[in-house]
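The structure appears below as structure tokens.
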Amino acid sequence: MWPSLWLSVASAQDPAPTPAPEVTVESAAEAPTPEPSAMDRARAWQNGLTDVQRRCWVALTSLFPESARDGVSDALDLGDSTFPCRTLANDVAHAVVPPTTQQDPALDQYREFLLRPRNPSSASSTGIGQVEAAPSVTPQSAAGAGVALTGTAEGARAIGVLTINPLGLGSPTGTRAGLAAWRTLDVSLLVPVDGQTNEVDTTVDYAGVRVRANLLAPFDSKGAETVDAALKELKTTITSRNALLGAEADEWEAILMAAPDTLGCARAGMSGDEQQAALSCGQARPDTHELVEQYERTHAALADVSSKLEDDYLGLDLRYDHGDPTFSGDAAREGDTLVGLVALGARAWKRSTQIRANGGMYYFSPASSPDEPAFAAQGAVSLHLASASDDPARAIEADLGLQGRVGLAKLPTDPADLVGDPQFLDLVLGASIPTATGTRVAVGYRLPLSSATGTRTPTLTITGDWSLLPSLR
């Protein structure tokens, strides 16, 4: 009785305990196992490396950290313990000669290099931004931007330029249609970028549009056939070079795995230090002369084709300026200016020398008296020189020439009565230097030799141009 009473009282005073969940063998087996952290996976992977692969891993992270970072994720997923030495060998082999495969974007760079026109004259080459007497009408391949800073009588002025090749954007590479599109036409918009405005109505005191057209480009069938043949030969050359690169990488992997000093051996391979290679690798480094020579032959052949395509040009240089493109501060020069020129260029003596010339009409409608426009003949001639370089984008260029206008009507005896700038002769000196991929800086000096207005003054101009296309290297 007592035990049963006690149990009944206890059950009345205390709530019934919650039954514990049953744990069976099946439910325990179904419990999810926590995923190892990235740190645990990396530690486990490194612990699984052999001493040789660990030395390769140390050298890889020291010399090629990007390759180590990009490849280690796949190596962890696949449990690949051979990744360090194989990747290190590939990177060392490619350090001797840049890698290029038919699937690699580098092949597109070759096509762009082959089809890309030689560095065109600065698109800001109009008005105060002109650093060459007779600028080329070779267009930008796709698009570009530039800025020209010029010291004038009114102080320093800056012009910004945006250029687009409407036919070249999206055009296929390695085809005749692409060749023509990349070399036919570009359009540039020029505006001041220094914030100065017209003192009268606070509007922008200058704006310009320029169109350059190379009339030979669409009809250069010989050049197109040369491009097609060169691209076909290029693919064959790349295939052969890939085989040599693969063989060299295999040889380097065997050398690095047997090297007493893996890091020192890799460094010796990259630097070409034969003595250090013998000490660190325990043997001589692979002979890469054949590979390097083949790469150089391919590069030189591409440069030669590119130069041949640019030996001659014939085209139009059309410009419209609103305001005073010279920023002279002279109200008589403010108005609308139209210039239409036929431009030509031809290689002479050596491929690094080009004779350039242009000629055409100048029309000016002054803002103060639009019913009294001025007409003049305009022309220029120059000698353009370029330093020897496999890649035209890396050539240093210089230009020396004369530019002038001759009025088509009798000029008034009083210079104050002149409309626009109808008659002058200037000596123009220019130099262009590549600074980085797709970037050039040019310096031009203009010295007036004669002027009907008497207001022209020497100017010094510095321009910078950026192209969207990369260079080969």
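Hey, among 416, 393, 386, which residue is in contact with a Ser or Thr (Cβ under 6 Å, 6 or more places away or on another chain), among the small types (Gly, Ala, Ser) and at pLDDT below 75?
393
From the list 70, 74, pick out the single residue that is assigned to a helix (DSSP H, G or I), modelled with pLDDT under 70 and not hydrophobic (A, V, I, L, M, F, W, C).
74
State whether the residues of segment 316-327 include one that is farther than 30 Å from residue 256 by Cβ, modelled with pLDDT under 75 and aliphatic (A, V, I, L, M).
Looking through segment 316-327, none of the residues is farther than 30 Å from residue 256 by Cβ, modelled with pLDDT under 75 and aliphatic (A, V, I, L, M).
Among the residues of segment 447-458, how many are in contact with an Asp or Glu (Cβ under 8 Å, 6 or more places away or on another chain) and free of Cβ contacts under 8 Å to residues at least 24 places away in the same chain?
Total satisfying the criteria: 1.
Starting from segment 224-249, keep only residues that are within 16 Å of residue 289 (Cβ to Cβ) and modelled with pLDDT under 75, then list their pairs with residues that are surrounded by fewer than 19 Cβ atoms within 10 Å (Cβ to Cβ) and not aliphatic (A, V, I, L, M) whose Cβ atoms are within a distance under 7 Å, requiring at least 6 positions of separation or different chains.
As it stands, the answer is 241/294, since those pairs meet every condition given.
Search segment 37-67 for residues being assigned to a helix (DSSP H, G or I) and small (Gly, Ala, Ser), and hand back the single one that is modelled with the lowest pLDDT.
Our first condition is that a residue be assigned to a helix (DSSP H, G or I); within segment 37-67, this holds for 38-47, 51-63, 65-67.
Applying the additional criterion that residues be small (Gly, Ala, Ser) yields 38, 42, 44, 59, 62, 67.
Details: 38: 61, 42: 67, 44: 70, 59: 89, 62: 89, 67: 80.
Top of the filtered list is 38.
Checking the structure you have, find out if any residue of segment 158-168 is assigned to a loop (DSSP other than H, G, I, E, B), touching a strand residue (DSSP E or B) at 6+ places or on another chain (Cβ under 6 Å) and at pLDDT 70 or above.
Yes.
Residues to consider are 173, 150, 184; find the one that is of a type in the set (Ser, Thr, Tyr) and modelled with pLDDT under 70.
Selected residue: 173, the only one of 173, 150, 184 that is of a type in the set (Ser, Thr, Tyr) and modelled with pLDDT under 70.
From the list 141, 124, which one is closer than 30 Å to residue 447 by Cα and at pLDDT below 80?
None of the other options fit; the residue is 124.
The values are calculated or read from the model by the stated rules, or taken from the named source; none is laboratory data. Just so it is clear, the model here is predicted, and its values are computed rather than measured. A quick note on method: Cβ atoms are made from the backbone with ideal geometry, for glycine too, and the neighbour counts reach across all protein chains shown.
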